[in-house]
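Chemist: Quick one: the structure is below, questions incoming.
Nothing in this text is a laboratory measurement; each read-out follows from the coordinates by a stated rule. Computed from a prediction, not measured in an experiment: that's the story for all the values here. No Cβ is skipped: glycine too gets one built from the backbone with ideal geometry, and neighbour counts run over all protein chains shown.
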2 protein chains.
Amino acid sequence: MNSEVNIKVLLAARPIGYPTEGDFTIAESEIPTLEEGQLLVKTDWLSLDPYMRGRMNNVKSYAPSVEIGDVMVGGAVGTIMESRTPLFSVGEIIEGSFGWQSYAALNGVGLRKVNPALGPIQSSIGILGMPGLTAYFGLLDVCEPKPGDTVVISAASGAVGQVVGQIAKIMGCRVIGTSGTDEKVRFIVDELGFDVGINYKKENVGVSLDSACPDGIDIYFDNVGGFVTDEVIKRINTGARIAICGQVSQYNVTEPELGPRNLFHLTKSQAKMEGFLIYAYESRYDEGLSRLSKWIKEGKLKYKEDIVEGIRNAPQTFIGMLNGKNLGKTLIKVS
Amino acid sequence: MNSEVNIKVLLAARPIGYPTEGDFTIAESEIPTLEEGQLLVKTDWLSLDPYMRGRMNNVKSYAPSVEIGDVMVGGAVGTIMESRTPLFSVGEIIEGSFGWQSYAALNGVGLRKVNPALGPIQSSIGILGMPGLTAYFGLLDVCEPKPGDTVVISAASGAVGQVVGQIAKIMGCRVIGTSGTDEKVRFIVDELGFDVGINYKKENVGVSLDSACPDGIDIYFDNVGGFVTDEVIKRINTGARIAICGQVSQYNVTEPELGPRNLFHLTKSQAKMEGFLIYAYESRYDEGLSRLSKWIKEGKLKYKEDIVEGIRNAPQTFIGMLNGKNLGKTLIKVS
């Protein structure tokens, strides 16, 4: 049906530490032929997110691993080119986990139709998709912010962190973000309106937190873990809420990293720490999306995307993101 | 008024690591003379608890440190010998934090009258006092047990742990306890009805937990921290609840101990970890005490006390308790 080929990025080897380009293979194949009940999607945008690093391991977790030789998992948005199901029509835009490939034959399960009138379609895998919803429910439901709370966010300029910080500002909180470059720190403060940004690679994080949070820390939204988290936990207030969204500092370690045993801070501060996955809030996605859209329209919520063209560039872009080279939500423009 | 003297145990030095008897001084003084509004209590029973180790440090925590030369803090129960306040009468039994001394002049704040008809008066600093209430609210409110849940408790034969385990059995849970001697393990299984006891000093805790918890762990009530907690966290189920009540393994370390960075287990299991202090539940103490008494009367709840006579023995008994030498709630019979 098409002279193009399907370009797929496959897992070639399980990485030890940070992935390298050799852990991926680029393969080409025919555009898939549909069976009854299927649809063909052409991928327009692919999302690259830290959680994908976990799927490259052969370890039991909340979602299955990618097998060697399989297409890498990933959220994407695309256009329906052909349909053999009455549920979807040619030309519709859909969002789902169709992986690192330029075409996919799908059975319709887990797909969401995207209304292109609401904004650029790639926002369905960004601010109006998994990262935006993760920020929304993770902050509002897990951390329950109140006006005047001091909120600290790690990986503050990332796909999730930038939204958490802006929602916290909307809620009337004082917001401090940690990032790994001066450019990112300037971005969250100057463009997103965070109160303070801390470059955790250059600054003494403890000293900077003391200065930025003279009244202690009420909420910590953690995407990173490691020593940044240790320094935050030392400074939590009574009744603090900590959301463990991700621990990207630990995803590429080759030897398990050790840190201080600090759980007694939870006792003495009567604090709560909670890990969460966005899927738990699926029944409330409409609520989240409608509030996020409203804030975008009101100009209260901005969203920075870091766009790279071409699916063949996905491996090196993903590796770069794990090393903090992106600024904002990492996207591959596939077609 | 009395030919006796007041025997007091004072903090002589801030311990480095485990306290030694040299960190305490035994002092004698006159029985205090009352001012208007005060009452004189003769201490009958003194409670010895791990939290007191924290008060010996000069570190900001949820409660003030004991100053060098001051009487050691501690919950106690005693008899009113003299009263210059209309609120209390001679002969009444009161419970409060009057410290490691045989007599105390008190102003009445923070005291609770004990009804000796309810049981032995020392239960007011045990099963019907702070340890019992800590178990009750920590398990029921923080951990929200459901029938069929697998519950693991560290320091399972201790003042709090033994009550947690029995309430968990009342709630229909499967209960596993960790303790440091075979005698304690036999006690929690044979006398208290725990399903499994693990001697963490002799067994490979991970292997024993795998065997005792084939369906994973839903609730962890932690009094200890350290490597036992690490092994539990690896095995938590989706939606697990972890109460951080104490971290006695860490109270006597001279160098901060390191452990694995394991917070991602909370994310992948969508689990909650919460530190709590019993004071937060003060408005509900009556509820807790009435349920605990009911269970005692019904024979569903037993309570093991480890009694040593004489306040002069408090330092060595306290040091022994921190080293796990007690079996059950540690009490000093003062008079």
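Chemist: Can you give me the distance in nm between label points at B:Glu287 and A:Glu36, each placed 7 Å from the Cα along the Cα-to-Cβ direction?
Modeler: 5.9 nm
Chemist: Then there's this: If you put a point 7 Å past Cα along the Cβ direction, how far is that point for A:Ala280 from the same point in each other copy, in nm, smallest first?
Modeler: 1.6
Chemist: Can you give the calculated 222 nm mean residue ellipticity of chain A, where each DSSP H run of n ≥ 4 adds -39,500 (n - 2.57) and the sum is split over every residue, rounded to the nearest 500 deg cm²/dmol? Write down the numbers at each step before the final one.
Modeler: Details: 9 runs with 71 residues, N = 335.
About -5500 deg cm²/dmol.
Chemist: Right, here's the next one. Defining a contact as two alpha carbons under 8 Å apart and six or more residues distant in sequence, what relative contact order in percent does region B:130-279 show?
Modeler: 23 percent
Chemist: Given H placed on each backbone N at 1.01 Å, which residues far from A:Phe276 in sequence or on other chains put an amide H within less than 5 Å of it?
Modeler: Distant-sequence amide H within range of A:Phe276: A:Ile244.
Chemist: Among the GluC sites (Glu not before Pro) in region B:1-53, which ones are in a DSSP loop with at most 15 other Cβ atoms within 10 Å of the Cβ? Mind listing them?
Modeler: Values: sites: B:Glu4, B:Glu21, B:Glu28, B:Glu30, B:Glu35, B:Glu36; in loops: B:Glu4, B:Glu30, B:Glu35, B:Glu36.
The qualifying sites are B:Glu4, B:Glu30, B:Glu35, B:Glu36.
Chemist: Also, I was wondering about something else. Give me, ordered by chain and number, the residues 5 or more places off B:Val114 or on other chains with an amide H under 5 Å from its own placed amide H.
Modeler: Under 5 Å from the amide H of B:Val114 lie the amide H atoms of B:Ile93, B:Ile94, B:Glu95, each far enough along the sequence or on another chain.
Chemist: I've got another one for you. Grab the beta carbon distance between A:Gln316 and B:Glu144, set R0 = 56 Å, and tell me the FRET efficiency rounded to 0.05. Could you put the intermediate results ahead of the total?
Modeler: Numbers: r = 47 Å, r/R0 = 0.83.
Approximately 0.75, to the nearest 0.05.
Chemist: Continuing with this model, one more query. Please compute the net charge surrounding A:Asp182, taking Lys and Arg as +1 and Asp and Glu as -1 over other residues with Cβ under 15 Å from its Cβ. Intermediate values should be presented prior to the final figure.
Modeler: Details: positive: A:Lys184, A:Arg186, A:Lys201, A:Lys202, A:Lys325; negative: A:Glu183, A:Asp190, A:Glu191, A:Glu203.
Here the charged neighbours net out to +1.
Chemist: Find out how many positive minus negative residues lie around B:Gly110, taking Lys and Arg as positive, Asp and Glu as negative, among other residues whose Cβ is under 11 Å from that of B:Gly110.
Modeler: Values: positive: B:Arg112; negative: B:Glu95, B:Glu282.
Summing Lys and Arg as +1 and Asp and Glu as -1 gives -1.
Chemist: OK, next. Per the Kirkwood definition applied to all pairs of different Cα atoms, how many angstroms is the hydrodynamic radius of chain A? Numbers along the way, then the final one.
Modeler: Working: mean 1/r = 0.0483 Å⁻¹.
Over chain A, the inverse of the mean reciprocal pair distance is 20.7 Å.
Chemist: One-quarter of the Cα convex hull surface for region B:187-244, in nm²?
Modeler: On the way: hull surface 16.9 nm².
Its Cα hull, projected and averaged over all orientations, spans 4.2 nm².
Chemist: For region A:147-157, take each phi angle, set θ = phi - 60°, evaluate the Karplus expression 6.51 cos²θ - 1.76 cosθ + 1.60, and give the result in whole Hz per residue in order, putting x for glycine and proline.
Modeler: 3J(HN,Hα) across region A:147-157, in whole Hz: x, x, 4, 8, 10, 10, 10, 9, 6, 6, 9.
Chemist: Could I ask something else about it? Give the shape of region B:26-136 as rounded, prolate or oblate, defined through the alpha-carbon gyration tensor: a ≥ b ≥ c are the square roots of its eigenvalues, a/c under 1.5 means rounded, and otherwise the shape is prolate if a/b is larger than b/c and oblate if not.
Modeler: Values: a/c = 1.91, a/b = 1.15, b/c = 1.67.
Verdict is oblate for region B:26-136.
Chemist: Next up: Would you kindly work out, in nm and rounded to one decimal, the distances from the label point of A:Phe227 to those of the same position in each other copy, ordered shortest first, with label points 7 Å along Cα-to-Cβ?
Modeler: Shortest to longest, the spacings are 2.6 nm.
Chemist: Further, regarding this structure: Beyond 23 Å, what percent of the Cα pairs of region A:196-335 remain?
Modeler: Numbers: 5167 of 9730 pairs.
Percent of Cα pairs beyond 23 Å in region A:196-335: 53.
Chemist: Could you please rank B:Val73, B:Val41, placing first whichever residue has the fewest other Cβ atoms within 10 Å of its Cβ? Could you put the intermediate results ahead of the total?
Modeler: Working: B:Val73 20, B:Val41 28.
If I rank by nearby Cβ atoms, fewest first, I get B:Val73, B:Val41.
Chemist: I've got another one for you. Rounded to whole Hz and in sequence order, give me ³J(HN,Hα) for region B:29-36 from the Karplus expression 6.51 cos²θ - 1.76 cosθ + 1.60, θ = phi - 60°, writing x for Gly and Pro.
Modeler: 8, 5, 5, x, 9, 7, 9, 4
Chemist: Taking each label point as 7 Å beyond Cα in the direction of the beta carbon, state the distances from B:Ile68 to the same residue in the other copies, shortest first, in nm.
Modeler: Nearest first, the other copies' label points are 6.4 nm away.
Chemist: Other chains' Cβ within 10 Å of B:275-286 residues: what's the mean?
Modeler: Numbers: counts 13, 5, 5, 0, 1, 3, 0, 0, 0, 0, 0, 0.
Mean partner-chain Cβ count within 10 Å for B:275-286: 2.
Chemist: Given H placed 1.01 Å from N in the peptide plane, which residues other than close sequence neighbours of B:Arg14 have an amide H under 5 Å from its amide H?
Modeler: Residues meeting the amide H criterion: none.
Chemist: To continue, here is another question. Using the eigenvalues of the Cα gyration tensor, what equivalent ellipsoid semi-axes result for the protein assembly as shown when each is taken as the square root of five times the eigenvalue, whole Å, largest first? Don't skip to the answer; put the middle values down first.
Modeler: Values: eigenvalues 641, 133, 95 Å².
Working through the eigenvalues yields semi-axes of 57, 26, 22 Å.
Chemist: Roughly speaking, what is the stretch gain from A:Asn57 to A:Glu191, that is 0.36 nm per residue apart minus the C-alpha to C-alpha distance, in nm to one decimal? Mind dumping the intermediate values first?
Modeler: On the way: separation 134, 0.36 × 134 = 48.24 nm, distance 3.64 nm.
Stretched fully, the A:Asn57-A:Glu191 segment lengthens by 44.6 nm.
Chemist: For region B:38-46, take each phi angle, set θ = phi - 60°, evaluate the Karplus expression 6.51 cos²θ - 1.76 cosθ + 1.60, and give the result in whole Hz per residue in order, putting x for glycine and proline.
Modeler: Running phi through 6.51 cos²θ - 1.76 cosθ + 1.60 with θ = phi - 60° gives 9, 9, 10, 10, 9, 6, 8, 9, 10 Hz.
Chemist: Stokes-Einstein at 10 °C, 1.306 mPa s, Kirkwood radius from Cα pairs: D for region A:130-279 in µm² s⁻¹?
Modeler: On the way: Rh = 15.0 Å.
The Stokes-Einstein estimate is 106 µm²/s.
Chemist: Could you work out how far apart the two model spin labels at A:Glu203 and B:Asn252 are, taking each label as a point 7 Å from the Cα in the direction of the beta carbon, and quote it in nm?
Modeler: Here the modelled spin labels are 4.1 nm apart.
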